[in-house]
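To keep things clear, I will list the structure first and then write my remarks on it.
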Amino acid sequence: MLTIGTIILVGNPIKELKANEPPTQQQAQKLNQSKESFDVYLNSENKIEYRKYDFRRIKGTELPFKIIPNKEDKYSFEGIQTNLKIKDGWLVGYDYGEFRGNLFWFNEDGTKYEKITTGNIKNIFEINGKIFITEGLAHLSMSSGQIFQIEKKNDNWIVEKKVELPAAPYATTLTKDKEFLIVTSHGLIKVNQDFEIETLIKEGFWKVYLYPNSIQITGEDIYIGMRGGILKTELNNLTNQIWLTK
């Protein structure tokens with residue numbers, strides 16, 4: 001059990017799940033109709049747990065204030081919300097699917113805010129004092145994404161694209177070497193600190209059908225939560241794949 005602010009997250013040990021062979025694409029197509037979707041996360045002891053995926057659940061730390069938008073921004077705060085505490089306030093991103101999204105900066109108590117950029121904000125990271133955002137969208141036959149860096153200079157936010165991704169980044173975590181480990185709409189990739197892309201899985205069985213929503217790494221084990229179950233694999237042995245289900 002992990003308490004963040006006033007929200008209590010109750011998870012389930014991953015070891016309780018059944019181990020199966022990964023689904024074929026035909027089986028994945030059938031799982032597309034499943035009402036179960038699993039979210040993986042690290043608990044307070046840095047152990048993997050799972051829970052039912054809820055798109056309304058905030059990613060990151062809960063804000064200590066209520067967002068009160070200006071009249072002109074009434075519809076700018078919609079979609080899946082991602083928060084990151086930074087030294088001079090908060091970054092708050094939104095992913096509203098085909099209706100886009102936005103990235104905002106708020107001061108400490110939420111009384112002031114600025115729109116930094118538009119886009120489908122997936123994850124926000126601070127690495128060695130620098131802030132990076134994964135952004136992208138998979139819709140119909142289109143799938144694209146990017147990693148960009150933001151920095152405030154002379155009271156202005158600078159947005160710099162660091163790399164174009166081969167597909168939309170559904171979920172991202174960091175390896176022990178601070179590399180981006182990204183499950184995309186198509187497969188699994190790693191992006192190093194020089195923003196060079198390494199394709200780990202070119203085309204996963206989840207493509208089109210199972211919508212990954214979360215990814216975690218502990219030691220060499222990778223867990224990816226999605227519709228129908230959880231994929232467990234290994235960073236240095238990606239052919240070893242186990243499909244975890246209830």
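Working with all protein chains in place, sort 72, 160 by solvent-accessible area computed with a 1.4 Å probe, largest first. Before the final figure, lay out the partial values.
Working: 72 140, 160 90 Å².
Result of the area sort, largest leading: 72, 160.
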* Extent of the chain along each principal axis, from alpha carbon coordinates, in Å, largest to smallest? -> 53, 38, 34
* Shape call, the range 120-187: gyration tensor on alpha carbons, a/c limit 1.5 -> oblate
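Applying 1/(1 + (r/R0)^6) with R0 = 30 Å to the Cβ-Cβ distance of residue 177 and residue 29, what FRET efficiency is obtained, to the nearest 0.05? It would help to have the intermediate numbers written out before the result.
On the way: r = 36 Å, r/R0 = 1.20.
Calculated transfer efficiency: 0.25.
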* Asked: So how exposed is residue 99, as accessible area in Å² (1.4 Å probe, rounded to 10)?
  -> 140
* Can you give the helix-only mean residue ellipticity at 222 nm for the chain, where every DSSP H stretch with n ≥ 4 adds -39500 (n - 2.57) and the sum goes over all residues, rounded to the nearest 500 deg cm²/dmol? -> -500 deg cm²/dmol
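By accessible area of protein heavy atoms, probe 1.4 Å, what ranking do 24, 239 get, highest first? All intermediate terms of the calculation are to be shown ahead of the outcome.
On the way: 24 70, 239 125 Å².
Largest accessible area first, the list is 239, 24.
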* Farthest positive-ward along the chain dipole, Cα basis, beta-carbon charges - from 127, 214, 90 -> 214
* To do: For every other residue with a beta carbon closer than 14 angstrom to the beta carbon of residue 205, add +1 if it is Lys or Arg and -1 if Asp or Glu, then tell me the sum.
  => +3
* **Only Lys, Arg (+1) and Asp, Glu (-1) charged, at Cβ; the range 127-220 dipole about Cα centre in debye** => 140
* Asked: With a sphere of radius 12 Å drawn around the Cβ of residue 132, what net charge do the other residues whose Cβ falls strictly inside it have (Lys, Arg +1; Asp, Glu -1)?
  -> 0
* Between residue 19 and residue 43, what is the FRET efficiency for a Förster distance of 25 Å, r being their Cβ-Cβ separation, to the nearest 0.05? -> 0.75
* To do: Report the semi-axes of the equivalent ellipsoid for the range 147-246 in whole Å, largest first, where each axis is √(5λ) for an eigenvalue λ of the Cα gyration tensor.
  => 27, 15, 12
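Using the heavy atoms of the protein chains and a 1.4 angstrom probe, tell me the accessible area per residue for the chain in square angstrom.
Numbers: 13430 Å² over 246 residues.
Per-residue value: 55 Å².
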* On the protein heavy atoms, probe 1.4 angstrom, tell me the percent of accessible surface of the range 1-157 carried by carbon and sulfur. => 48
* For the chain, with a Gaussian network of springs between Cα atoms less than 10 Å apart, report the residue from 161, 87, 30 with the top mean-square fluctuation. => 87
* **Shape of the range 1-111, Cα gyration tensor, a/c cut at 1.5** => oblate
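Taking only the Cα atoms of the range 59-99, how large is their convex hull per residue, in Å³?
Working: hull volume 3.2 nm³, N = 41.
Normalising the Cα hull of the range 59-99 by residue number yields 79 Å³.
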* What does the charge count near residue 83 come to, summing +1 for each Lys or Arg and -1 for each Asp or Glu among other residues with Cβ under 11 Å from its Cβ? -> +1
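Only Cα pairs under 8 Å and at least 6 apart count here; give the relative contact order of the range 1-116 as a rounded whole percent.
Working: 153 pairs, mean separation 18.9, N = 116.
Relative CO of the range 1-116 lands at 16 percent.
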* To do: Could you tell me which of the pairs 15/190; 85/152; 15/35; 122/161; 47/176; 87/153 are separated by over 18 angstrom between their Cα atoms in the structure shown?
  => 15/190; 15/35
* With every protein chain left in place, what is the accessible area of residue 163 in Å² (1.4 Å probe, nearest 10)? -> 20
* **Cα radius of gyration and Dmax for the range 23-67 (Å)** => 15.2, 46
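Please compute the Kirkwood hydrodynamic radius over the range 84-154, one decimal place, Å, based on all pairs of different Cα atoms.
On the way: mean 1/r = 0.0779 Å⁻¹.
After inverting the pairwise mean of 1/r, the radius is 12.8 Å.
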* Please state the charge dipole magnitude for the chain, taken about the Cα centre, from unit charges on C-beta atoms (+1 on K and R, -1 on D and E), reported in debye and rounded to the nearest 20. => 600
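The values are calculated or read from the model by the stated rules, or taken from the named source; none is laboratory data. This structure is a prediction, so every number in the text was calculated from the model and none was measured. Reconstructed Cβ throughout: ideal geometry from the backbone, glycine too, with neighbour counts over all protein chains shown. With ligands, DNA and RNA removed, areas are computed over all heavy atoms of the protein, side chains included. Shrake-Rupley method; radii C 1.70, N 1.55, O 1.52, S 1.80 Å.
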